[in-house]
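The values are calculated or read from the model by the stated rules, or taken from the named source; none is laboratory data. For clarity, every value in this text was computed on a predicted model and none was experimentally measured. Reconstructed Cβ throughout: ideal geometry from the backbone, glycine too, with neighbour counts over all protein chains shown. In case anyone asks, the SASA skips ligands and DNA or RNA and just uses the protein heavy atoms, side chains included. Shrake-Rupley method; radii C 1.70, N 1.55, O 1.52, S 1.80 Å.
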Amino acid sequence: MVRPVVAAKAANEPAVPAALHHARTEPIKMVAISCARLNASVARAQCAPRAAPAFRAAPLRPSRMAPATVTPMVRPVVAAKAANEPAVPAVMGAAPEEKKIMGISAFTWQKIIPLGIMFFCILYNYTILRDTKDVLVVTAPGSGAEIIPFLKTWVNLPMAIGFTILYTKLANVLSQEQLFYTCIIPFIAFFGAFAFMIYPIRDILHPTAFCENLLQEMGPRFAGPIAIVRNWTYCLFYVMAELWGSVVVSVLFWGLANTVTTVDEAKQFYPLFGLGANVALIFSGRAVKIFSQIRANLPPGVDGWGISLKGLMGMVVIGGLVICAVHAYLQKTVIPKLDGAVEKREKKKKEPMSVGESFKFLAASPYIRDLAFLVVAYGISINLVEVTWKSKLKEQFPNPNDYSAFMGDFSTATGAVTFTMMIVSRFIFGKFGWGVAALITPSVLLVTGVLFFSLVLFSGTLTPTLTTLGLTPLFAAVLVGAAQNIFSKASKYSLFDPCKEMAYIPLDAETRTKGKAAIDVICNPLGKSGGALIQQFMIIGFGSLAASTPYLGMILLGIVTMWLFAAKDLDWRFAEAQKNMSSDEE
């Protein structure tokens, strides 16, 4: 009684080519045959009536478990149901094929696009804050670039430690969403309040008279620490801007991104985030330049920097609100769908190495010792040049608006060069290998550093030559120092950081794990604070940053030279480790 029903149905349907018909119905037939072994009537009801021609091509044998009389009662019901309802998937319960855009699932785009917008806004704000903080503390009354080493050591570091402790405690009592808003909203509120409330009453808040008397008693050697007290609101802004980079970028954003993305998505899109960061750098640099030039259109007597500061911090507040809105969107539309969409990552419990254990491990391994010196040398070298350069920058641009406008151009150039270097770095690694790539960053620092300190120390001798080029020794030093910072940072992001991470690959698991832990515990903090400590001792010992400049240049030359030797030594060790790894795999 099955045959007539199938034939009648087939007569009313359009003809289907045999090959196509077979390709479309083969999976359905396999499911139907499996179901028929349990219950013929249930199999026919669940295996989609539109697949009836498949049964005609390969008829099913009635199941021994079900009486044959049940069969004719199923067909009419299924046919009637099919006539009144839309088509149903052939296998009930099978998930529909996910929609894809450019070969990538729509759900992935639903995560990546908001994350990209959030990352752009965070880096856009960070560039504005980074440029503004330098303008505030370097051009402040009674202050200068010599304040920066003291700020990094005695204010920024304790604040970072305090935030880490507070964040750890809050993470134990708040949800991820609550923790995000609890951390980012105070930043947005502070930067808005600083421009519109704190800066206008700075003369009331700053203990100017007390600090001037204190400076007369203690002498210019302690001008840096005293300037921190005198301009404490500016220093608070400096620290909050530094923490924005550490907290909002490293902790909040990457914590969220690692939660909502899979490993495959991260491999595909995280490099694009890096390129997007440099695009944000270019745009924010232009914005800083535009707002810093407002002073030219203002009448005399108006605080142009105050107006510029309101515009810049207004953009930061708007950017912060966009970040919160995007985060709310992710929490509403993406986070609820993550069950099963993102693989579970098991947390490996491992005890961090103590400082003493880290020192012992570094001393025992020449390979890790070379790698550690590379990290420390970069941190010290970039700090030695950067602070001296900013002191010359203040001499060239004493007005905050002019200083800020130059920093806007500097940020734009940094973003453009870094973007280009990230693209070129693939060719460098492929054509010349790890060794050449590892030598580029110290070579850039050495050449530009020698040029910069030569312009500072031998300005009188070089004045006639520079005059023919339309430059003063001071402005030439500013330009060379800017080039040094731009190219050294671009080479770090595009070459130095990848070289450092690649150097861990050929090591055995224990050496790789302990070596990275040792470098994280000792070398990163030592590199960041080492340059600041050296400058503090020099400033206090010689009386000023300018008096200590020759010695800073000599220290830079020595450190970069040792860096080059360490990179060459690590090059052959890295090649040897690669050979050993290849032989072990064979």
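Couple of notes before you dig in:
- Qualifying positions in the range 214-232 - open to solvent by 90 Å² or more (accessible area, probe 1.4 Å) and touching a Gly at 6+ places or on another chain (Cβ under 9 Å): PRO220, ARG221
- The selection criterion, being in contact (Cβ under 8 Å) with a residue 60 or more places away in the chain and either assigned to a helix (DSSP H, G or I) or open to solvent by less than 20 Å² (accessible area, probe 1.4 Å) (or both), does not hold for ALA483.
- Yes/no for ALA277 being in contact with a Leu (Cβ under 7 Å, 6 or more places away or on another chain), open to solvent by 10 Å² or more (accessible area, probe 1.4 Å), among the small types (Gly, Ala, Ser) and farther than 25 Å from TYR234 by Cβ: yes
- When the range 202-213 is limited to residues that are free of Cβ contacts under 8 Å to residues at least 60 places away in the same chain and assigned to a helix (DSSP H, G or I), the one that is surrounded by the fewest Cβ atoms within 10 Å (Cβ to Cβ) turns out to be ILE204.
- Matching residues in the range 160-192 - criterion: being in contact with a Leu (Cβ under 7 Å, 6 or more places away or on another chain) and among the hydroxyl-bearing types (Ser, Thr, Tyr): THR182
Yes/no matrix, rows are residues, columns are (1) under 30 Å from ALA189 (Cβ atoms); (2) open to solvent by less than 100 Å² (accessible area, probe 1.4 Å); (3) more than 24 Å from the chain's Cα centre (by Cα); (4) modelled with pLDDT under 65:
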residue: GLY320; (1), (2), (3), (4): yes, yes, no, no
residue: GLN331; (1), (2), (3), (4): yes, yes, no, no
residue: ALA341; (1), (2), (3), (4): no, yes, no, yes
residue: LYS347; (1), (2), (3), (4): no, no, no, yes
residue: TYR367; (1), (2), (3), (4): no, yes, yes, no
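- The condition of being surrounded by fewer than 19 Cβ atoms within 10 Å (Cβ to Cβ), of a type in the set (Val, Ile, Thr) and at pLDDT below 85 holds for only one of ILE423, ILE335, that being ILE335.
- The one condition in (1) open to solvent by less than 10 Å² (accessible area, probe 1.4 Å); (2) modelled with pLDDT of 85 or more that PHE291 fails to fulfil: (1)
- Selection from the range 141-175 of residues that are hydroxyl-bearing (Ser, Thr, Tyr) and open to solvent by less than 70 Å² (accessible area, probe 1.4 Å): SER143, THR153, TYR167, SER175
- Candidate set from the range 501-515 (those that are part of a helix (DSSP H, G or I) and over 17 Å from the mean Cα position of the chain (by Cα)); member that is nearest to ASP370 (Cα to Cα): GLY515
- Matching residues, the range 455-483, being within 19 Å of LEU557 (Cβ to Cβ) and at pLDDT 90 or above: ALA477, VAL480, GLY481, ALA483
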